[in-house]
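Bear in mind these aren't lab numbers, they're just calculated from the coordinates by the rules spelled out. Bear in mind that the values here come from a model prediction, so they are computed numbers and not experimental data. All Cβ positions, glycine included, derive from the backbone under ideal geometry; neighbour counts span all protein chains shown.
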Amino acid sequence: MRILLLTVLITFSFLSNVSFANMEQPIERELAIVIDDFGNNMEGTQEMLELPVPLTVAIMPFMSTTESDAKLAHAKGHEVIVHLPMEPKKGKKSWLGPGAITTDLSDKEIRRRVEAAIKSVPFAIGMNHHMGSKATEDERVMRIILEVCKKNNLYYLDSKTASKSVIPKLAEELSVPYLENDMFFDHIYSERHIYKQASKLAERLDHRTKFIAIGHVGITGDRVVSALKTYLPEYEKHAKIVPLSALLPPMIPTF
């Protein structure tokens, strides 16, 4: 009887220790920082690429420094994706740049432009959109874009510039890996707002295991670089900073 009781106590103690050990394991949190609008020698480009963390660098196709930005980003260990210009609901077409995807294009022309855009950005393994609030709500347009992504083994980041984006629905239907943006650093250009967003991100990391934040080079480039230099040490206390592809959910094979 004493032996049985001792065995039970030892077993209970062992299981309790295992349980407590598991409870003490820290939750692994991951943060992906995406920087848009590379490819046209934009303000903050060099400073952004020098940051000592892995960024996901979204590069516009067919621009003056598209190729050189992609090669430099890759050499510095950053992940490269295509920043495809797509039609917005508001704004000038001139803001889109060359090779833009608009909803008046034929299926054949959309496909041709997306294929050409991918070829123009060396080392790209994913895609997101530049502007695109109108195009990302158009099922015909997005189906073609995602089909081309699938053909080229690219994932897609929905920047969430449209409230009725069809990307999640179509990406799941076509089995294209996709992710969704959680916040922008600089949708308002002021330094005060950018720092406010950077501070909010530090707070939110305690409540999420995976988080995606987007900033830009260009008009806000220097301000975003400054905010990141200030807050990166704080982010690294809460999460591991990773390339965007590290956050992709495992794809379930279809039979």
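Remarks
- Among the listed pairs LYS71/LYS93; LYS160/LYS210; LYS90/LYS150; LYS108/LYS169; LYS164/LYS196, those beyond 24 Å (Cα-Cα): LYS71/LYS93; LYS90/LYS150; LYS164/LYS196
- Remark: HIS83, HIS207, HIS74 ranked as HIS207, HIS74, HIS83, counting other beta-carbon atoms within 10 Å and listing the fewest first.
- Structure-derived semi-axes √(5λ) of the Cα gyration tensor in Å - corresponding label in [x] 52, 20, 14; [y] 40, 19, 17; [z] 40, 24, 16: [z]
- In terms of other Cβ atoms within 10 Å, MET131, MET42 run from fewest to most in the order MET42, MET131.
- Membrane-span-like helices in the chain, defined purely by DSSP H runs whose alpha carbon atoms cover 30 Å or more axially and whose average Kyte-Doolittle hydropathy reaches 0.0, are 2-24.
- Theoretical gain in end-to-end length, LYS169 to ARG111 [0.36 nm per residue, Cα-Cα removed]: 18.9 nm
- The ranking of PHE123, PHE185, PHE211 from fewest to most other beta carbons within 10 Å of each one's beta carbon is PHE123, PHE211, PHE185.
- Where trypsin sites (Lys or Arg not before Pro) fall in DSSP loop in the range 108-184, at most 11 other Cβ within 10 Å: LYS164
- Contour excess over end-to-end distance, with Cα ends at THR230 and GLU47 and 0.36 nm allotted per residue: 64.5 nm
- Between GLU147 and LYS237, full extension at 0.36 nm per residue minus the direct alpha carbon distance yields a gain of 28.5 nm.
- Extending 7 Å from Cα along the Cβ direction at LYS200 and again at ASP182 yields two label points whose distance is 1.3 nm.
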